[in-house]
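Before any comments, here is the structure.
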Amino acid sequence: MNTLTRATAAATALAALLALTACSSKAKDGDDGSKSAGGVKTGEGVSGKTINLGVLTDMTGVYATLGKSVTQAQQLYVDQTNADGGICGHKLKLTVRDHGYDPQKAVAAYTELEPKVLGFAQFIGSPFVAAVERRIEGDRGLVLPQAWSSNLLGNTYVRVIGSTYDLETINAIDFLMKEKGLKKGDKIGHVYFEGDYGESALKGSRHMAEEAGLTVVEQKIKPTDNDMTAQVSALKKAGVKGIVISAGPRQAASLVGVAAAGRFDVPVIGNNSAFAPQLLATQSGPALQKNYYVASPTLPIGADTEAAKKLVADYKKAHPKDSLDNGVVAGWTAAAVFGEALKKACADKDLTRAGVDKALLTIDAFDSGFGVPQDFTDPSAPSSRQSVILRPSAKATGGMKVVREPQAAKATEGYTAG
């Protein structure tokens, strides 16, 4: 996702939409209780021999690169699953709506699709998920967001896959301390987007600072801020020994490039949303490969696992002209999680929304092949506390290589995400 957000404008529109969505929330007393030929209970989103799943994505807006990769990976999962006979004798179908990272379009698309689908295999944009969260509670359709804000925790029907941004940041700083010389008494810079994403990550850096005896030097930015010269200057003057960036790929590239040009040689680590492999072809490419790291909820698309190798081959065959990135992993993983819940619901003879939600709560160690088991038994917690530390590499498939295998920092123990 290497384009900029229109989150500032989105925030204003969302304020009005929050009231609207709360008022239009509808409660459902139950599913329709109909039976398929196999004696499996079905409800909304299951029509004949088809299970309909919604996709609320961004194909034309600020996260277009991510949205394209995630959606194409999910369609690949659906196509392969259907070719193998489907799930519970049903074929899967994705209904995709591009909201272009526009709040009004996102809410309208949810309103349109919700009565027609069993749940949502993708919903990009934590502010938009939050805008309809009360409705989701009433609708009871499972939503797997492409967002990692800790503010999304606690809803049985909105389930974050992987570590939330605060936990991810704790793991990122732990890496800097263990591997890059950051130590007790040092200052660490944190450049972050205003809003859910950045502020969720900031909780993590503040917690880690308290635990490890660090001082956080904060630099809040807007998603429309492209040039990180002022932020680099402020952090250099403050004498920070490392930097966390919780922003977009462009901001990360600017920060690392400006620091390198100014001979400010400190390690920089970003959250999983702060890199895109296309950056390696820019002027910042050499600096990113030298001094930049990324915390990720899973192993990268170029991981040395059989599942990763197969996904790379299958995705390249389906989309030979498109580049590989970790959006492919995120999309595939979310689709596989939804698919696993559907399989368990089928075994329980209940393909209603309630049945799928109940089934997900029984999944405690699911791994789509990318190294991090996911536990969905507690809606108040993310499915994992582990992070993988990656480093940009032009030679690696997908532009990222592993420098630290999945693990959770000791400082995550006892920490309540959110």
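The values are calculated or read from the model by the stated rules, or taken from the named source; none is laboratory data. Just so we're clear, the structure is a prediction, and the values are computed from it rather than from any experiment. Here the Cβ positions follow ideal geometry from the backbone for every residue, glycine too, while neighbour counts run over all protein chains shown.
Assorted remarks:
- Here L66 meets each of (1) closer than 30 Å to D102 by Cβ; (2) at pLDDT 95 or above; (3) of a type in the set (A, V, I, L, M, F, W, C) with one exception, condition (2).
- Of the criteria (1) of a type outside the set (G, A, S); (2) modelled with pLDDT of 95 or more; (3) within 21 Å of F120 (Cα to Cα), which one D367 fails: (2)
- Any hit, region 46-56, residues being assigned by TED's automatic domain parsing to the domain that holds G327 and touching an Asp or Glu at 6+ places or on another chain (Cβ under 8 Å): yes
- Residue list for region 47-78, filter: among the hydrophobic types (A, V, I, L, M, F, W, C) and part of a helix (DSSP H, G or I): A64, L66, V70, A73, L76, V78
- The set of residues in region 120-143 that are under 17 Å from A354 (Cα atoms) and touching a strand residue (DSSP E or B) at 6+ places or on another chain (Cβ under 6 Å) comprises F120, A121, I136, G141, L142, V143.
- Scanning region 289-310 for residues that are outside any loop (DSSP other than H, G, I, E, B), buried (at least 20 other Cβ atoms within 10 Å of the Cβ) and within 22 Å of the chain's Cα centre (by Cα) turns up Y292, Y293, V294, A295, S296, A308.
- Conditions (1) at pLDDT below 95; (2) part of a loop (DSSP other than H, G, I, E, B): number failed by E44: (1)
- A residue that is in a loop (DSSP other than H, G, I, E, B), among the charged types (D, E, K, R) and touching a Pro at 6+ places or on another chain (Cβ under 7 Å) occurs nowhere in region 340-360.
- So K180, is it among the charged types (D, E, K, R), closer than 25 Å to Q407 by Cβ and in contact with a strand residue (DSSP E or B) (Cβ under 9 Å, 6 or more places away or on another chain): yes
- When residues of region 371-418 are limited to those that are charged (D, E, K, R) and in contact (Cβ under 8 Å) with a residue 12 or more places away in the chain, the one nearest to G162 (Cα to Cα): R385
- Only one entry of T362, T377, T412 meets the criterion of being at negative phi and surrounded by 17 or more Cβ atoms within 10 Å (Cβ to Cβ), and that entry is T412.
- Evaluation of P320 against (1) assigned to a loop (DSSP other than H, G, I, E, B); (2) touching a residue at least 12 places away in the same chain (Cβ under 8 Å) (one fails), failing number: (2)
- Of all residues making up region 367-382, the number that are touching a Lys or Arg at 6+ places or on another chain (Cβ under 9 Å) and either of a type in the set (V, I, T) or in the same structural domain as Y197 (by TED's automatic domain parsing) (or both): 0
- Among the residues of region 146-159, just one is in a strand (DSSP E or B) and either modelled with pLDDT of 95 or more or among the charged types (D, E, K, R) (or both), namely V158.
- Taking region 174-192 as the range and being part of a helix (DSSP H, G or I) and either in contact with a Phe, Trp or Tyr (Cβ under 9 Å, 6 or more places away or on another chain) or surrounded by fewer than 16 Cβ atoms within 10 Å (Cβ to Cβ) (or both) as the test, the residues that pass are F175, L176, K178, E179.
- Residues in region 204-238 that are surrounded by fewer than 17 Cβ atoms within 10 Å (Cβ to Cβ) and either modelled with pLDDT under 95 or part of a loop (DSSP other than H, G, I, E, B) (or both): G213, K222, T224, N226, D227.
- Restricting region 239-269 to residues that are touching a Phe, Trp or Tyr at 6+ places or on another chain (Cβ under 7 Å) and under 19 Å from A394 (Cα atoms), the residue that is surrounded by the fewest Cβ atoms within 10 Å (Cβ to Cβ): P267
- Taking region 50-63 as the range and being surrounded by fewer than 23 Cβ atoms within 10 Å (Cβ to Cβ) and either at pLDDT 95 or above or of a type in the set (V, I, T) (or both) as the test, the residues that pass are T50, N52, T60.
- Checked across region 163-173, the condition of being closer than 30 Å to K116 by Cα, outside any strand (DSSP E or B) and within 21 Å of the chain's Cα centre (by Cα) holds for at least one residue.
- Complete set of residues in region 255-297 that are more than 22 Å from I221 (Cα to Cα) and in contact with a Lys or Arg (Cβ under 8 Å, 6 or more places away or on another chain): Q289
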